[in-house]
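For reference, the structure discussed in these notes is given below.
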Amino acid sequence: MIPSRFVRQSLFMVCLCIIVACANISVSSEYEPFVGQEGKDVIWVPTCQVLVDQMLNMAKVTPQDYVIDLGSGDGRLVITAAKRGARAMGIEYNPDMVALSKHNAAKEGVTDKAQFIQEDIFESDFSQATVITMFLLEEINLKLRPKILNLKPGTRVVSNSFTMREWKADKTFDVDDNKNCSDYSTAYFWIVPAKVEGTWNLPQGELTLKQSFQTFSGTFKSGANLLPVTNGKLSGDLISFSVGNVKYTGRVSGRTMQGTYESGGSTTQWDAAQIGKGS
Ligand SMILES: C[S@@+](CC[C@H](N)C(=O)[O-])C[C@H]1O[C@@H](n2cnc3c(N)ncnc32)[C@H](O)[C@@H]1O
């Protein structure tokens, strides 16, 4: 009787020691980053949660989206997007931050939706994203800009604090002063525009367009008439422009586009095919 009780007590103490040791290991191995710590191209500063929420609101993230955060830090944008039901991935160079993000995703119960990979954003493939989020630097945004502009038209992009310079934001948001997010509290939002620069053939004439990001201008040649194209705008693959008093709206699909125009109170269908690419 006594030896078996002694054995049970000993076993209990051994188990207790193992549990305490494991708990200590898991606590001490939980990496604690500090604001301002070095990153490969950008230091780590977390986006405050109120702006995280707003960035995802601006992009209108839904469960149909695939959100990719470039330089994902502790994973907060990815985890918040996953909690909204979206599939989300963080690309982060610092392996300790990747491990911490996975740990945070597990704590929040979103490991099925939130994925993290240790990679350099300049080497990674984010072409499948429907929403890109980032908190980098303007010079880094500019280096990434050509790749971002080549994403599928309609891809939404949100940046904390840093612009894309000449590619003006479609929307900007500033967090209220009283929301405890005084630094890095502005978000910029863009929609990747379709590419329309070049010459387009319409049954009524020829459209020649010069594009600058989400705006464009040009001319419309119909017989001997040459009219300016004004108010040219793109929102993803949605296009609108005016030729004289006639307002065209439509949708771009690769090298074709179609829609309707309004003139003299009536609505007429139009379509166009690209016959020459721009420079
Ligand atoms: C300003 S923090 C933003 C973190 C997070 N996106 C957020 O908004 O809370 C930038 C992050 O980018 C990471 N980073 C810097 N250069 C990188 C690179 N070339 N590839 C991947 N991650 C990078 C840093 O380690 C850091 O975690």
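Taking 0.36 nm per intervening residue step and subtracting the Cα-Cα distance, what contour gain separates SER266 from ALA99 on full extension?
Difference between extended and current length: 54.1 nm.
Work out from phi, with θ = phi - 60° and the Karplus expression 6.51 cos²θ - 1.76 cosθ + 1.60, the ³J(HN,Hα) of each residue of the range 261-267, listed in order in whole Hz, and give x for Gly and Pro.
10, 10, 7, x, x, 10, 10
Bin all alpha-carbon pair distances of the range 29-92 at 10 Å intervals from 0 and give each bin's fraction as a whole percent.
So the P(r) values, bin by bin, are 22, 50, 24, 4.
Keeping all protein chains in place, calculate the accessible area per residue for the chain (probe 1.4 angstrom), answer in Å².
54 Å²
In nm, give the distance between the simple-model label positions of ASN245 and ASN178, each being 7 Å from the Cα along the Cα-to-Cβ direction.
The two pseudo-label positions are separated by 5.0 nm.
So how much accessible area does SER212 have, in Å² to the nearest 10, using a 1.4 Å probe?
60 Å²
When the helix-only estimate is applied to the chain (DSSP H runs of n ≥ 4, each -39,500 (n - 2.57), divided by the residue count), what is the mean residue ellipticity at 222 nm, nearest 500 deg cm²/dmol?
The helix-only estimate for the chain comes to -8000 deg cm²/dmol at 222 nm.
Once phi is turned into θ = phi - 60°, what whole-Hz ³J(HN,Hα) does the Karplus curve with 6.51, -1.76 and 1.60 give for every residue of the range 185-199, x standing for Gly and Pro?
Per-residue couplings from phi come out as 10, 10, 10, 10, 10, 10, 10, 4, x, 5, 9, 10, 4, x, 10 Hz.
For the chain, state the average projected area of the convex hull of the C-alpha atoms over all orientations, rounded to one decimal in nm².
21.5 nm²
Quote the relative contact order of the range 205-253 in percent (integer), defining contacts as alpha-carbon pairs under 8 Å separated by 6+ residues.
24 percent
Which residues does the label zone of LYS152 cover in the range 62-86, counting backbone N under 15 Å from a point 7 Å along Cα→Cβ?
Once the point is set 7 Å along Cα→Cβ of LYS152, 62-68 turn out to lie under 15 Å by backbone N, inside the range 62-86.
Zone of VAL50 (label point 7 Å along Cα→Cβ, backbone N under 15 Å): which residues in the range 167-186?
It comes to 173-186, nothing else.
When 1/r is averaged over all different Cα pairs and the result inverted, which Kirkwood radius in Å belongs to the range 124-276?
17.1 Å
How many percent of the accessible area of the chain is carbon or sulfur, using a 1.4 Å probe?
55 percent
Where does the range 50-208 land on Rg(C-alpha)/(2.2 N^0.38 Å)?
That ratio works out to 1.12.
Under the Karplus relation 6.51 cos²θ - 1.76 cosθ + 1.60, θ = phi - 60°, what is the ordered set of whole-Hz ³J(HN,Hα) values for the range 152-157, x standing for Gly and Pro?
Going residue by residue, I get 3, x, x, 4, 9, 10 Hz, with x marking Gly and Pro.
The values are calculated or read from the model by the stated rules, or taken from the named source; none is laboratory data. Remember, it's a predicted structure, so these values are computed and weren't measured experimentally. Note: ideal-geometry Cβ built from the backbone for every residue, glycine included; neighbour counts use all protein chains shown. Only protein heavy atoms, including side chains, enter the accessible area calculation; ligands, DNA and RNA are left aside. Shrake-Rupley method; radii C 1.70, N 1.55, O 1.52, S 1.80 Å.
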